[in-house]
Every structure is written in structure tokens, then in C-alpha cells.
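See below for the structure under consideration.
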Amino acid sequence: MENRPLEYDYSVSKLFIYNTLFVGFIGMFVGTYIAWEMAFPSLNVIFGDGAIAEYTNFSRLRVLHTDSVIYGFVLSGVWATWYYVGQRVLKVSMAESKTLMVIGKLHFWIYFASSAVIVVSLFMGITTSKEYAEFEWPLDLGITVIWLLWGASIAGLIGLRREKTLYISLWYYIATFLAVAMLHLLNNLEIPTYYASGGIGAWSHSVSMYAGTNDALVQWWFGHNAVAFVLTTPIVAIIYYFLPKESGQAIYSYKLSLLSFWGLMFIYLWAGGHHVLFSTVPDWVQTMGSVFSVILILPSWGSAINMLLTMKGEWQQVASSPIIKFMVLGSTFYMFSTLEGPIQAIKSVNAIAHFTDWIIGHVHDGALGWVGFTIIAAIYHMIPRMFKREIYSKKLMATQFWIQTLGIVLYFTSMWIAGITQGMMWRAHDEFGNLAYSFIDTVTVLHPYFIIRAVGGTLYLIGFVMFIYNIYKTMSARQVEESELQNATPMGA
Ligand code: HEM
Ligand code: HEM
């Protein structure tokens, strides 16, 4: 794809990698803790029911989990790869432009500082109460600045490029930038409502410019596309670069990658209605959401099959290379969750699935399998090249892979059984129409599944700690010659 001699500057990419590891650990630790809270509710008040209890309860911690894994772990991982991949596929070094270096550093540090404020504000319970868009308006403004800085970095690198062709990964990064900018601005239109007597959160309070059904509709147009453009398109960008590099294979079909790209772009934006089925949203919007969700299988599987077929003729690498294992299983989980999602979007299925743990299962086979594994694999690929060191232990990497895979399997299978049991019990009734079960019956029956999920989450977290350790030991090991490194894994560039 590109020639060697340029000295790429990885300082910004490294900062984002450190943050991916740090926030990834915090976010998954909190996720594991709330999973145990659901199994054993007394953990909600582990320090007693005094002043501190509000900070350890499920409702306060859940949002810290979701926002730290999505906007901390995933976005940092995406930006770590952007500052690595962008330079390489455009054949331009950031070090060639002082402005680009400043933009990159500002991008990281403003993001880092805003994340710290976000964590404090969420701990304090200051939220807009819109899922995945909980931040109040001052933080929304900060996020806008961060996003614009990323945009400036993309435009800047493209402006200076020596390589004319924009490699497919760039298309996906650019789409991520444009779509999230639009989603963020439109969903967060709000009016600040300073009130005098409300303590520290009062001056940052606001109300949405949308009300009732419109608010729900815009929110889930945003929510669904946050999944599309934070948990899907940038991850596709990552795998389209790293899988060919790591395996030494060319992408199976460039045409298919473009076809899937435009398919995803066109279809994703209309599918958000599947989050508000059976609500007051107009019926045609709900039906459109369902129909577009089912069609979405095509471009999603187009991308996934393209990734898997890239390994054609080289399947032995799946057995021999743990990094390839992560990427191939990641792509398989992508196929899996993009089949499961459309099924859940069919109205009659959604009538059982909505509000149940089956949705949580769907979220996590995508998040842990597809998103988590792809980011982990990309970091394992980048670190030896950035630090000119061999990976500390391939054995540890393989063990991590199996422990985390077992964790994911326990997570989603338990949530499938729990969710379908829950959905069936909620709707069961006798011949007079009386409900067969009280709500608490449907909660107690879930207890064993909550324990299995918490064990699965703990395994995934243990694997993540092994990952951090392996990366740390790699960074602090003896430097090797480039040629020695090349023997370790196919490098290409
Ligand atoms: C073809 C692609 C997909 C379709 C059609 C789809 C469809 C759905 C449906 C129907 C729901 C449940 C809505 C409800 O009843 O509450 C849902 C929830 C969700 N999906 Fe997907 N899904 C897809 C892919 C993915 C992927 C790849 C991820 C990535 C991890 C993902 C993450 C989520 C999340 C986070 C939620 C929960 C949102 C919430 O209620 O907070 N989905 N999806
Ligand atoms: C150790 C790993 C993890 C564990 C144990 C874990 C656990 C949990 C738990 C217990 C919940 C609350 C479920 C409920 O309200 O019933 C949750 C929600 C959620 N988690 Fe995780 N999680 C982990 C990793 C991740 C990662 C890596 C991501 C994203 C990249 C993620 C994204 C989400 C999302 C989007 C929700 C909200 C789902 C919804 O509202 O439908 N999680 N997680």
C-alpha cells in the first residue's frame, strides 16, 4: 500500500492507545461490577446506605459503564488507529506539519480533560437522561470542539497526501466523522435553563428542543446511528486496514467493500424506528424501521464476508496467529449480531424481545466480540511497529483470546435464555386474561442467568488485564531490529 522511507509520527496515536487501555479497564470493571449488582443487589449499598450509597448504586454506575466503554474505550481505540492508519495510507507524516501535530495533541488533551469532567458529572448524577447523549450542554460544546479537531486532522492529512487514492478505510473514517457530527448536533439541540436553587448542576441544566414523541424519535434515530457510526463504521475502517496487513493478504474484493459502504450509508439512517416499536411514534415510521433493519443484513454481511474471504487460502493463519484469531472471530461476531439485530427488529419478535435481557445479549455479542476484539487486535498489531519491539508473549495473547471468548459465550447465551424467559413470562396469561406471573416472579427466575453473565463479564475483564500486561511488558522490553520484527508477523508496510 505504501513505501517505507517516511518516518511516521506516532506520539498522538500512542496517547490514544494508553487511554484505550486505561478507560477500557475502568469501563469494563464498572460493567462487571454492575453485572454482579444485578445478581446480588446488596452490592448496591456495599458501603452501607449512607451518603456514599448513591455513588455505588446501579443506576448511577450504569451510565458510567456505557459512556466510558463507548466514548472512552471505543473512541480512543478508533482515534489511536486513525493517527496510525491515516499517515500510512496517505503517505504523509504528521511530523511534516507543525499544525497537524498541534491539532492532534489538542485533540487528545481536550478529549482527555472533557472525559474527566464527564466522569465527575455523571457520578454526581448530572445528566440529560437521553441514553448515550447524557452530557449537559457545556459538555456538548466541548464534544463539538473535539470532533472538529478530529475533522481538521482528517482534512489536514488528506490535504497533504502523496497517495492519490483514498483507501477504503478512509471512506469509513470520513463517514464516521460526518455522521456523528450530524447526529450529535441534531439530537442535542437544547435550551439552557439556569435555575437558582439547584446546587452545582443547576447552571448546566437544559431542556431538549424536542418534546414527547418527537423527542423519542430523534433520540432513537441518534441512538441507533450512534451504534452504526461509533460501533460499526470506524470498526470496519480498522479491520479493512489491519486484517490485510496482519495476514499479508489483499482485501478479497474492493468492489464489495464499496458496495457495502454505500449500502450501510443509505440504509442505516432509516432503521432507528426499530427502537420505538409499539410506541406512539407513527406506525409507518415503525414499519419503515423494521423493513430497513432487515435489509441492513445485506451490506453488513457484505462487509463481514469480505473480511472473512480475505483469509481465503490462508486459513492456517487462524490457527497459528492469535491476532488473526481476534480479527476473524470479531468479523464472525459482526455477522452474528447483524443477523440477530434484524431478527429482533421484526415486530412480532420485538414484542417479546423489547425491554428484556435478550437485547443486552445482542449489545454485548456485538460490543465484546466485534468491537472489543477488533480494537484489541489492532493494538496488538500497532504496538510492535510503534515501539520496535516483539510482542512480549504470544502464549499470553492466545490464552487471553480463549478466556475472553469463553466470557462472551457465557455472557450472550445467559442473556438469550434470560431474555426469552422474561419475555414469555411477561405475556403469559390464563383464560380470563389475568397475568400468570407477578413481576417479581420474572425477576427471581433470572438469578442464575445473572450470575452466569457476571462470571462471563469477569472472564472478559481478566482477559483485558492480561492484554494490558502484555502490552506493558512489550513496551518495556528490549528494542529489536526492524528485520527481526518482520520475521515475527507479516508487516507489509
Ligand atoms: C443489521 C444491524 C443491526 C440491526 C438491524 C440491529 C437491531 C437492533 C434492535 C432491533 C435492537 C433492539 C431495540 C429494542 O427493542 O429496544 C437493537 C439494540 C441495540 N443494538 Fe443492534 N442491531 C444491529 C447491529 C448492531 C451492532 C453491530 C451493534 C454493535 C455493538 C449493535 C448494538 C446495539 C445496542 C447498543 C442496542 C441497545 C440500544 C438501547 O436500547 O440502549 N447493534 N439493535
Ligand atoms: C467486561 C465487560 C462488560 C460487562 C461485564 C458489561 C456489563 C454490562 C451490564 C451489566 C449492563 C447493564 C445491563 C442492564 O441494564 O440490564 C451493560 C450495559 C451496556 N453495555 Fe456493557 N459490559 C461490558 C463491556 C461492554 C463494552 C466493551 C461495551 C461497548 C463497546 C458495552 C456496551 C454496553 C451498552 C451499550 C449497554 C447498554 C445496553 C442497553 O441499554 O440496551 N459493554 N453492560
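The values are calculated or read from the model by the stated rules, or taken from the named source; none is laboratory data. As the structure is a prediction and not an experimental result, all values here were calculated from the model. Glycine also receives a Cβ, built like all others from the backbone with ideal geometry; neighbour counts cover every protein chain displayed. Areas reflect the complete protein model, heavy atoms only, side chains present, ligands, DNA and RNA absent. Shrake-Rupley method; radii C 1.70, N 1.55, O 1.52, S 1.80 Å.
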| query | Here are some residues: 84, 33, 71. Which one is more than 16 Å from ligand 2 (Cβ to nearest atom) and among the aromatic types (Phe, Trp, Tyr)? | reply | 84
| message | I need every pair where a residue in the range 333-345 that is in contact (Cβ under 8 Å) with a residue 12 or more places away in the chain has its Cβ under 6 Å from the Cβ of a residue that is within 13 Å of ligand 2 (Cβ to nearest atom) and among the hydrophobic types (A, V, I, L, M, F, W, C), sequence separation at least 6 or different chains. | response | 333/370; 334/370; 344/353
| Condition met for residue 408 (within 16 Å of ligand 2 (Cβ to nearest atom), within 15 Å of residue 461 (Cα to Cα), open to solvent by 20 Å² or more (accessible area, probe 1.4 Å) and modelled with pLDDT of 95 or more) | no
| said: So, residue 450, is that one within 10 Å of ligand 2 (Cβ to nearest atom) and surrounded by fewer than 16 Cβ atoms within 10 Å (Cβ to Cβ) or not? | reply: no
| remark: The residue that is nearest to residue 141 (Cα to Cα), considering only those in the range 74-99 that are of a type outside the set (Asp, Glu) and open to solvent by 10 Å² or more (accessible area, probe 1.4 Å), is 75
| said: Being of a type in the set (Gly, Ala, Ser) and either open to solvent by 30 Å² or more (accessible area, probe 1.4 Å) or under 30 Å from residue 382 (Cα atoms) (or both): is that true of residue 202 here? | reply: no
| Residues in the range 84-138 that are touching a residue at least 12 places away in the same chain (Cβ under 8 Å), of a type in the set (S, T, N, Q) and within 16 Å of ligand 1 (Cβ to nearest atom): how many? | 2
| field | Subset tally (residues that are without any contact (Cβ under 8 Å) to a residue 12 or more places away in the chain and either charged (D, E, K, R) or open to solvent by 50 Å² or more (accessible area, probe 1.4 Å) (or both)) for the range 414-432 | value | 4
| said: Looking for something open to solvent by 10 Å² or more (accessible area, probe 1.4 Å) and either touching a Cys at 6+ places or on another chain (Cβ under 9 Å) or of a type in the set (Gly, Ala, Ser) (or both) - is there at least one such residue anywhere in the range 384-391? | reply: no
| message | Anything in the range 30-41 that is in a helix (DSSP H, G or I) and within 19 Å of residue 445 (Cβ to Cβ)? List them, or say none. | response | 35, 36, 37, 38, 39, 41
| query | For the range 146-158, how many residues are within 13 Å of residue 105 (Cα to Cα) and hydrophobic (A, V, I, L, M, F, W, C)? | reply | 4
| remark: Expected output for the range 33-45 (first residue modelled with pLDDT of 95 or more, partner open to solvent by 70 Å² or more (accessible area, probe 1.4 Å) and within 16 Å of ligand 1 (Cβ to nearest atom), Cβ below 6 Å, 6+ apart or cross-chain) is 34/62
| Among the residues of the range 51-73, is any modelled with pLDDT of 95 or more, part of a helix (DSSP H, G or I), aromatic (Phe, Trp, Tyr) and surrounded by 20 or more Cβ atoms within 10 Å (Cβ to Cβ)? | yes
| field | the range 227-248, residues that are in a helix (DSSP H, G or I), open to solvent by 10 Å² or more (accessible area, probe 1.4 Å) and within 16 Å of ligand 2 (Cβ to nearest atom) | value | 227
| Here are some residues: 118, 103. Which one is over 22 Å from residue 159 (Cβ atoms) and open to solvent by 20 Å² or more (accessible area, probe 1.4 Å)? | 118
| task | List every residue pair whose Cβ atoms lie under 8 Å apart, where the two residues are 6 or more positions apart in sequence or sit on different chains, the first residue falls within the range 258-283 and is at positive phi, and the second residue, located anywhere, is buried (at least 18 other Cβ atoms within 10 Å of the Cβ) and of a type outside the set (S, T, N, Q). | result | 278/354
| field | Of all residues making up the range 125-139, the number that are assigned to a loop (DSSP other than H, G, I, E, B) and within 22 Å of residue 217 (Cβ to Cβ) | value | 10
| task | Test residue 191 against the stated conditions and say whether it is in contact with a strand residue (DSSP E or B) (Cβ under 6 Å, 6 or more places away or on another chain) and either surrounded by fewer than 23 Cβ atoms within 10 Å (Cβ to Cβ) or without any contact (Cβ under 8 Å) to a residue 60 or more places away in the chain (or both). | result | yes
| query | Within the range 352-368, can one find any residue that is open to solvent by 10 Å² or more (accessible area, probe 1.4 Å), away from ligand 2 (no atom under 13 Å from the Cβ) and modelled with pLDDT of 95 or more? | reply | yes
| said: Anything in the range 122-144 that is more than 16 Å from ligand 2 (Cβ to nearest atom) and either within 15 Å of residue 75 (Cβ to Cβ) or modelled with pLDDT of 95 or more (or both)? List them, or say none. | reply: 139, 140, 141, 142, 143, 144
